[in-house]
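Enquirer: Could you have a look at this structure, given as C-alpha cells, before my questions?
The values are calculated or read from the model by the stated rules, or taken from the named source; none is laboratory data. Just so we're clear, the structure is a prediction, and the values are computed from it rather than from any experiment. No Cβ is skipped: glycine too gets one built from the backbone with ideal geometry, and neighbour counts run over all protein chains shown.
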Amino acid sequence: MKPTNSPKTYRVKSFGCQMNVYDGERMAEMLGEQGIVPAPEGEDADLVVLNTCHIREKAAEKVYSDIGRISKAGAEAGKQPLIAVAGCVAQAEGEEIMKRSPAVSMVVGPQAYHRLPEMLDKAVKGERATDTDMPAIAKFAALPERRRTNPASFLTIQEGCDKFCTYCVVPYTRGAEISRPYSDLVIEAKKLVDAGAKEITLLGQNVSAWSGENDKGHKVGLAGLIRDLAKVEGLARIRYTTSHPADMDDDLIAAHGDTPKLMPFLHLPVQAGSDRVLKAMNRSHTAESYLRLLERFRAARADLALSGDFIVGFPGESDAEFEETLALVDEVEYAQAFSFKYSPRPGTPAATMDDQIAREVMDERLQRLQAALNRDQMAFNHASVGKTCEVLVERKGKHPGQWLGKSPWLQSVWFEGDAAIGDLVQVELVEAGPNSLAGKLCEMAVV
Ligand code: SAH
Ligand code: SF4
Ligand code: F3S
C-alpha cells in the first residue's frame, strides 16, 4: 500500500446489533480525539470504518460489496480513502478480508478497537494491520470519555456470550461473557446524562447475565444496577437488551414492578416454539418455561410490551414443529418481533447438521410467521390509540414542525407542535399504523 496523507474526515458505518452501534459511537469519539472530523453529509470521507455484522450470511457478504463500492468511488474521484473493517466479520474473517480486499488497510475486532489510532498511524505509512486480539475488557479503560450522545443512548454493560446456541456466531466473534464493573457503568451513565441523554438502554449480548459489586461491596445483578441508575438525576428512562430466558431472575422481574424509570418493554428472544428444535438449538428453555416466565413479567407489570426473535428453518424443523412456533406467537401476542431465516454460519454446530431446510420452505415459513407477527404488532398499536403517554423526542420528522419520538412501549410516535429534540412530552395517541403511531401533543409539556 502507498503512504497517504493523514485522514481529516471519517465515516463510521455500523451494521448489525445495537452493541455495534455503541462500538461505532465509541470509535467515532476516538477518531474525534485524533482531530479527525465526521465527513459532511454527501461527501466522501478520507477514512471509512465498516463496523460489520457476521450473524447471517447476507450481513457478512455486505462488507465485501461495500468495500468494492467505496474503492470504485475512490478510483473515480482519484482519491482512495483508508478503509478499516471492524466488528464481527473482522473478528471471524480477518485474514480473509486482508487477502480478498487489497483496498482494506486495517482489520480490527470488537475487543481491540481501542487500538485503532495506532493502526491508523501505520496505515498512513502504507502498512496494513490486523488486530483481532480479545483482551478481557481492556478496551473500555483505554477509550476516551463519553462526549457525544443522543437523547436515547446506548451503554454496553456486558459483552460476549457463553451460551453457544448451535446456530450462532456470537460466542466466537465476541468471546466469553464479561461484565463491565459497576462503578465504570455508573460513571459512564452520568456522563451520558450530562451530555444530554434522557434514556439509556443497557446493552449486552446477554445483558441479563450482568453481575457486579456495588459501591458498598455487595454483589448485584442487572436489577440492582437498574435500581441504582434510576437514582441518577436527569435520567428519565432505562431499558435493557438482549436478555436470555435462562438468566432472568426474580429480582429483575420485581424491578419491572417497582422501578418506574424502567420502561414497560421486554425483548426476550425465544427462537422457536418446538421443544425438540429448542433442544437442538441448545436453548436451555422450553416453550412452556418461556411462556411461564412471560406470565411472571406480566404479573409484575401489566402493560408490559413484549418483543422476541425467531429463526425459521433450523435444520430438521418439520412442518408440525414450525406450527408450534405459530402457536406460541398466537399465545404471546408480541408488540413487535424480529424473525429470520436460518443461515448456516461456518464453524457453528448447526451448519453441519443433517436435514438443512430448503430455501423455498424457509421463505414460506418466514412469510407466514411475519404475517402473524405483523397482525399482532398492528393490534398492539391499535390498542394504544386513545392513551396519553410520555414521548421522548429523538429527531425531527419528515415534514416541517413534525417530531419523532418513542413511547414507553418503544413504539415510534410522530406529532406536530412546539417541542425540541430531547424533550419528554405528553402525547395522546390518535392513529395507529403498522410501524408507528400518530399523536397529538398535549398542552402541558413536561421536560
Ligand atoms: N443474544 C441474543 C441475540 C443474538 S443475535 C439472544 O440470545 O437471543 C440476534 C438474533 O439473530 C438471534 O436472537 C437470532 O434470532 C438471530 N440469529 C442468530 N444466529 C442466526 C443464524 N445463524 N441464522 C438466522 N438467525 C440467526
Ligand atoms: Fe447467540 Fe445464543 Fe448467545 Fe444469543 S444466547 S448471542 S443467540 S449464542
Ligand atoms: Fe452481528 Fe456481532 Fe452484533 S455478529 S448481531 S454485530 S454481536
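Enquirer: It is to be established whether one or more residues within segment 268-279 are under 18 Å from LEU410 (Cβ atoms), touching an Asp or Glu at 6+ places or on another chain (Cβ under 8 Å), surrounded by fewer than 22 Cβ atoms within 10 Å (Cβ to Cβ) and not basic (Lys, Arg).
Expert: Scanning segment 268-279, I find at least one residue that is under 18 Å from LEU410 (Cβ atoms), touching an Asp or Glu at 6+ places or on another chain (Cβ under 8 Å), surrounded by fewer than 22 Cβ atoms within 10 Å (Cβ to Cβ) and not basic (Lys, Arg), so the answer is yes.
Enquirer: So, ILE70, is that one more than 21 Å from LYS122 (Cα to Cα) and either in contact (Cβ under 8 Å) with a residue 24 or more places away in the chain or hydroxyl-bearing (Ser, Thr, Tyr) (or both) or not?
Expert: no
Enquirer: So, in segment 269-299, exactly how many residues are assigned to a loop (DSSP other than H, G, I, E, B) and touching a residue at least 24 places away in the same chain (Cβ under 8 Å)?
Expert: Number satisfying all stated conditions: 10.
Enquirer: Condition first: in contact (Cβ under 8 Å) with a residue 60 or more places away in the chain, within 16 Å of ligand 1 (Cβ to nearest atom) and closer than 25 Å to ALA189 by Cα. Now tell me which residues in segment 126-165 satisfy that.
Expert: Of everything in segment 126-165, those that are in contact (Cβ under 8 Å) with a residue 60 or more places away in the chain, within 16 Å of ligand 1 (Cβ to nearest atom) and closer than 25 Å to ALA189 by Cα turn out to be PHE154, THR156, ILE157, GLU159.
Enquirer: Has segment 55-67 got at least one residue that is more than 22 Å from ASP131 (Cβ to Cβ), free of Cβ contacts under 8 Å to residues at least 12 places away in the same chain and either assigned to a loop (DSSP other than H, G, I, E, B) or of a type in the set (Gly, Ala, Ser) (or both)?
Expert: Within segment 55-67, one or more residues are more than 22 Å from ASP131 (Cβ to Cβ), free of Cβ contacts under 8 Å to residues at least 12 places away in the same chain and either assigned to a loop (DSSP other than H, G, I, E, B) or of a type in the set (Gly, Ala, Ser) (or both).
Enquirer: Right, something else. Say we look at segment 175-202 and pick out the residues that are more than 23 Å from GLY217 (Cα to Cα) and touching a strand residue (DSSP E or B) at 6+ places or on another chain (Cβ under 6 Å); which of these is nearest to ligand 3 (Cβ to nearest atom)?
Expert: For segment 175-202, the residue satisfying everything is THR201.
Enquirer: Please go through segment 300-314 and give me each residue that is hydrophobic (A, V, I, L, M, F, W, C) and either in a strand (DSSP E or B) or surrounded by fewer than 20 Cβ atoms within 10 Å (Cβ to Cβ) (or both), ordered by number.
Expert: Selection gives ALA300, ALA302, LEU304, ALA305, LEU306, PHE310, ILE311, VAL312.
Enquirer: While we're here: Select, from GLY234, GLY221, the only residue that is at positive phi and in the same structural domain as LEU294 (by TED's automatic domain parsing).
Expert: Checking each option against the conditions leaves just GLY234.
Enquirer: Filter segment 340-358 down to residues that are in contact with a helix residue (DSSP H, G or I) (Cβ under 7 Å, 6 or more places away or on another chain) and of a type outside the set (Ser, Thr, Tyr) and give me whichever is nearest to ligand 3 (Cβ to nearest atom).
Expert: ARG345
Enquirer: Moving on to the next point. Of all the helices (runs of 4 or more DSSP H) wholly in segment 111-226, which have at least 3 residues that are buried (at least 21 other Cβ atoms within 10 Å of the Cβ) and more than 16 Å from ligand 2 (Cβ to nearest atom)?
Expert: Of the helices (runs of 4 or more DSSP H) lying wholly inside segment 111-226, those with at least 3 residues that are buried (at least 21 other Cβ atoms within 10 Å of the Cβ) and more than 16 Å from ligand 2 (Cβ to nearest atom) span 116-124, 182-194.
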